[in-house]
Every structure is written in structure tokens, then in C-alpha cells.
1. Take each complete run of DSSP H in chain A, measure how far its Cα atoms stretch along the helix's own axis, and keep only those covering 24 Å or more with mean Kyte-Doolittle hydropathy at least 1.0; list them.
2. Can you give me the orientation-averaged projected area of the convex hull built on the Cα atoms of the range B:61-317, in nm²?
3. List, in the order given, every pair from B:LYS141/B:LYS227; B:LYS73/B:LYS205; A:LYS301/B:LYS252; B:LYS89/B:LYS250; B:LYS89/B:LYS359 whose Cα-Cα distance in the structure shown is over 20 Å.
4. Under a crude label model (7 Å from the Cα following the beta-carbon direction), how far is A:ASN57 from A:ARG244 in nanometres?
5. Apply 1/(1 + (r/R0)^6) to the Cβ-Cβ distance of A:ASP118 and B:VAL17, taking R0 = 45 Å, and write down the FRET efficiency to the nearest 0.05.
6. Would you tell me the mean number of C-beta atoms belonging to other protein chains that fall within 10 Å of each C-beta in A:219-226, as a whole number?
7. Going through the range B:269-373, which GluC sites (Glu not before Pro) have at most 13 other Cβ atoms within 10 Å and a DSSP loop state?
8. Can you give the FRET efficiency for B:THR286 and B:THR371, using 1/(1 + (r/R0)^6), R0 = 51 Å, r = Cβ-Cβ distance, to the nearest 0.05?
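Please treat every number below as a calculation from the coordinates, not as lab data. Since the model is a prediction, treat every value here as computed from it, not as a measurement. Here the Cβ positions follow ideal geometry from the backbone for every residue, glycine too, while neighbour counts run over all protein chains shown.
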Amino acid sequence: MMLLAQYTIIFASVLSLVALGGCFSEHSGVINLGLEGIMVMGALGGAVAMNLFPSTNAFVMILTTVVVAVIFGMIYSVLLAFACINLKADQTLIGTAMNMLGTAVATVVVRSINTSTDPNNVSTTLQYVDQKKLFLVNINGFEFNWFMIIALVILVASYFVLYKTRFGLRLRACGENPQAAASVGINVYKMRWSGVLISGFLGGLGGIVYIMAGVSEWKFEVGVAGFGFLSLAVMIFGQWKPHRIALAALLFGFFRALSNVYTGFDFLAALNIPSQFYNMLPYIISLVVLAFTSKNSAAPKAEGIPYDKGTR
Amino acid sequence: MNQTKKSFLERPGVQAVGAALICVVLGLLIGFIVLSLINPAGAGEAIMTILLNFMTRATTAAQLKALGNTLAKTAPLLMCALSVCFCYKVGLFNIGAPGQYEAGACAALFAALALNLPWYVCILFAAVAGALLGAVSGILKAYRNVNEVISGIMLNWITLYICNMVLSSEAVKDSTSPYSKDLSQANPSSIIPSAGLGNLFSGNKAVTIAIPLAIIAAIVVWVILNKTKFGYELKATGYNKEGARYAGMKEKRNIIVTLIIGGALAGLGAAFLYLTNYTKWETTATSVPGMGFNGIAATFLGGLNPIGTIFASFFIQSITDGGSLIDRMIYPSQISDLISGIIIYLCGFTLFFKYIMTKNKAKRAEKKIKTEKTKEGGNA
């Protein structure tokens, strides 16, 4: 039971972080389908940081990992911002390209690192067994992870920024009606760049949290297994609002956690359902949920449409 | 002046090819830079290996055999690319193609190994399975407003696990390995016939009539999209859903039909690979096969034209195969995925490249008009 709660919360943290990233980007008017790729890059950054600068001090280790992951995510999101905001490229296409590219880049980098330390090592796996322990605090069998607190703080901060600050109001204006926003002197390009960069920040962070959630090594060939897209489903289910996203993330996180720990429950193990079914569960739930919630979507009105100064 | 005759750079065909070439050259250049960063000594040779692929083999016979392998894998890739291309023309981004491909593989292998059916029935099974999956995305899009990209991705993963479950059954899976059974032993009638094509490629058994069938499919897709009322209606729906409805077209039906056709194409693609007995399905697979995603690359590189897609598919498959030939102890073979990724990313800029090609001409024309006007002004 403790284990289920622990996994639910850590997966919910990942989903809410990345979904909030998508939320910022979409509120500014740019659909970020590249979140999956951004997560991979964040994960890569974090894992490389843990490998190259191992530290025994928990605070230093967490700080370097997070900072590098976030920087990787933000740098990678520039690809989306530049193509979609400045060159008005198709946002779906660029997002898809970023997902493919992210996994390819991560695989190439990790393999090169592995081969450079040991010429016979051609795997695409990075390990961080000792480093990971610094992130955990054991409280009566519940493995508390510092990332949980970070996710909570970011959740509250996102709500505050989006709804209580001038920046948030302007950002949302650019996603609803960029022409109207421009007419009162808001720089739409700058706002959309900030939206995408924030999503890079949060996506990168989500990526490193994801690969450290259940295991102490990651095979970069598999990317992040559709988690970026699950986060987008969470965002849609959460109606682009931080507090609802948090609840949606908990629901999805629960089903994802089930696939990790179902063998620990006697009644579930007794049902003798193949493990493949539990692996499918989060994706099935998200399809069903989307089928019932997409009809009355509260999506920002101008999302997906490139902003052109000339059209009024 | 001759306003009707467009200059060379303004012709749409030339622009599409030009933009594709720019993408390819830039993609290869970046690939070369990455290779140089890993190990500068062999980078030039490695990039040439990727580019030349089968040409690097020593003898002509070996070259032909390798070309045959690449062609055998181009057929399924082309089908996936056609699936994406067809849907994109109707305004739908069929990122569910990998899932439809998986469904096709699952149905084809199940029909071949568990039901012992001949190849042409297995192919039908694959098409129907892909179409069904496409229909799910289509219905969700038309009636529940679910973005086809999100539903496609979810279905990719769901289908992967379903496939693993179905193909793990005793009738299909080899008892000693995680792979599906060898078709040539279990059910030779399910292998797509070669019709003598294999002999052209040094007796390569992977070369079958699947290759010409895929090319015919490309031509059929081109005809449907450009020469039929049905295709026109679908494209109209893609341009403007509301407008199509206003003109009396059933826009919801069109969306569903499009994804059904797209799904069938991708499903057929899987049959074209797995029924040649070239590869087997791995029932412990944990990642969605790259074939469908490479199809997206081929589509956009082909300038969203079914005929252009044939060449683009061959190129993408060729560099993917070339990537597996480079020295694995020095360079990761995934460098080809990296190059395809960069190429798709750059394809997003196609509009921008075309704009630059037209802009030069427009600038000159503008200058001309200006000078003429000032002359007129001077005369008056």
C-alpha cells in the first residue's frame, strides 16, 4: 500500500510538472507536442550531470542535477520556439520531429559516453545507483523523494504566476487573442518565447524525475515511453488549469503506479491478468477520459495558429 | 510581359525538390558534424557509408543483394509514408501510423501462423486491422473532438502491448525464443511470392511482389487525391471543415473514412514486411517500431506528394541501412535516426525555403515596377 502511494505520488509529480509545461506553452498560443523530446533531453542532462559530477552531498547533487536537466530542456525547447514562432512552421510537425530527434540525440550521446570510458560498452544505458539514494528519505517504508516537494512548489507557483501576475495575464491573452494583445502593446513574440521556454524548463525537470522514479538506470533507446503525451492528456483533462491538472495527474499517476506494483496485491495477482494489460492501462484510461472531456474543451482559442503581425 | 510563364525557381515541382534537397544536405551536414565530434578521423568515411549504403559492398552481386534488402524494407516504409501523406492532405496528422502498422503485423502473423491462411488473405487481415485502428482515431476525432495526434500516440502503445499479448500465444511464438515462428517452416503459403523478382537481386528471398505493390499503391493514392471527386471532397474537408459541410459534404464521415484508409495503408505496410519472412515480431518489444515514425519523415521529405514519397522512402531507408554498416565500435548506428530527425525538423521550414526562392524574384519585379513608376512620374 505504502509502495502504491509512493509510486502514485512520484508519477503524479512527473505528470503535473510536464503538464504544467504544456499548459504554459499552450496558454501562450503554441502547442507543444515536443514535450516527449524535451523530457528525454532533460533526462539526458540530469543523468549525465549525475555521472560526470557525482557528489556525496545531497543538496549539491540535487541542485546540479536539476539545474542541468532544466538547462537541457530549455535549450532544446528553443528548437520549437524558433521554428514555430519566428518561421511560422507547422507546430505538429516540429513537435513530432523534436520527439524523434530527442531520442536519437540522447542515444548517440549516451553511447558515445559509454564507449569513450570502455570501448567494448555499446549499451545506451546510464546508471546512477548511488546518486539516486541522495534524493530519497525513508519515512516508515515510504520512500520520500525531494522531487515531490519541488513539484508541489512549482504547482503552487504556476497557479500564482498564471492567474495572479501581470505576466500570466499577458501570456494568456496571447493564447486567446494575440492580435488584441498586440494592440495594447504586448510583444506577442516575446510572450510566446517565454511560454515555450517555461515549458522547456518544466519538461526537462519532468524528464529527470521520470527516469529516476522507479529505477536507478535508464536505457535511453526507449525515450520516455509516451509520458510526454500522457502529460498532454493530463493537461487536457485538467482543462488547462493548474489545480485541476494536479488532480488529473494523481488519477493518471495511480494507474501508472499500478503497473509497477500490482504483483504486491494478492487479489490483483490472483486475477492472473498478464502484465502487458497493466502496462496498457494508463493509455487506455487517458483515451477514455479524453473521449469524455474533449467535447467541451477550454483550450486557448489561438493555440496552434502562428502569430502573424500582418493579420488583424 | 510574360506573366503567365513562371520562372524556373517558381515552379512548384522545382521548389518541392529544391526544398527537399536543402533538407537532405543540411541533415547530412549536421550528421557529419556530430560524427566528427565523436571521432574526427573516420567521420568522412562514415558519412559516405551512410549515404552510399549498398554501394559500399565489394562485388556487384553483393551490392544487388544489399539493394534488395533495402528495397524490401522500403516497401513497408513507403506504405506508412503514404498513410501519413494521405491523411495529411485531409488535414489529419496520422501519428497513429506506427500503431496501425503494429496492428497489421499482429493480424498478418496471426492469420499466417495461427489460422494457416495463404498470403493474400493474410494481407487482407492486416489491412482490416490497420483500418479498424484508424477508425477508432477517426471516430474519436469526429464525434468526441479528441485530437488525432494524442489518440494516435495512446493507440500506438496500447496496440504494442496487445500485439505482444496476441503473438505470445503458442501457435504464433517460437517456443525457444521471444520471436514469432519462421514462416518458411510453419506456413510457406503465407509468404508473399517473389515471382522471379528475387533472382534479379542475386537470389534475395526478401525481394517479393510487395515492392511493386507498394509502388502501385503510391500511384493509386496519387490518382485518388488528384483525379477523383472523392479525393477532392476529402481535400476540401481538410482545407475547411465548416466550408465542406456548408457545401453539403459529410465532414465527419470524411474524417473517419480518411483515417480508415490511412490505417489500411499502414497495416498493409506491416504485411509487406512480416510476410516476406525477412524479420520476425519480437514479443517482448517495449518500444513502438520506428517504421511508422520514419514514414512521417519520408512523407514530408517527399514534399507531401505520393510519387515524391517513393523516392524519399528509399532515401530514408537507405540511410537507415547505411547507418547499420558504419563501424559500431566507434559510431552509434542511431546516427541515421538523428539525421532523419533533423530532416523532418527542417521539413518544417519548407515553406520558409520556398518563400526565399520566390522572394528574390519578387524583389526584382518590385524594383522594376518602382523604376518604371519613377520614369512615368518624371515624364508627367
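1. Correct list, ordered by number: A:2-27, A:35-52, A:58-81, A:146-164, A:188-213, A:242-261, A:275-293.
2. Over all viewing directions, the range B:61-317 projects a mean Cα-hull area of 13.2 nm².
3. Pairs exceeding 20 Å: B:LYS141/B:LYS227; A:LYS301/B:LYS252; B:LYS89/B:LYS359.
4. According to this spin-label approximation, the distance is 4.4 nm.
5. So the FRET efficiency works out to roughly 0.50.
6. For this peptide, the per-residue mean of nearby foreign Cβ atoms is 3.
7. Of the GluC sites (Glu not before Pro), not one in the loops of the range B:269-373 has a Cβ with at most 13 other Cβ atoms within 10 Å.
8. The computed FRET efficiency comes out at 0.20.
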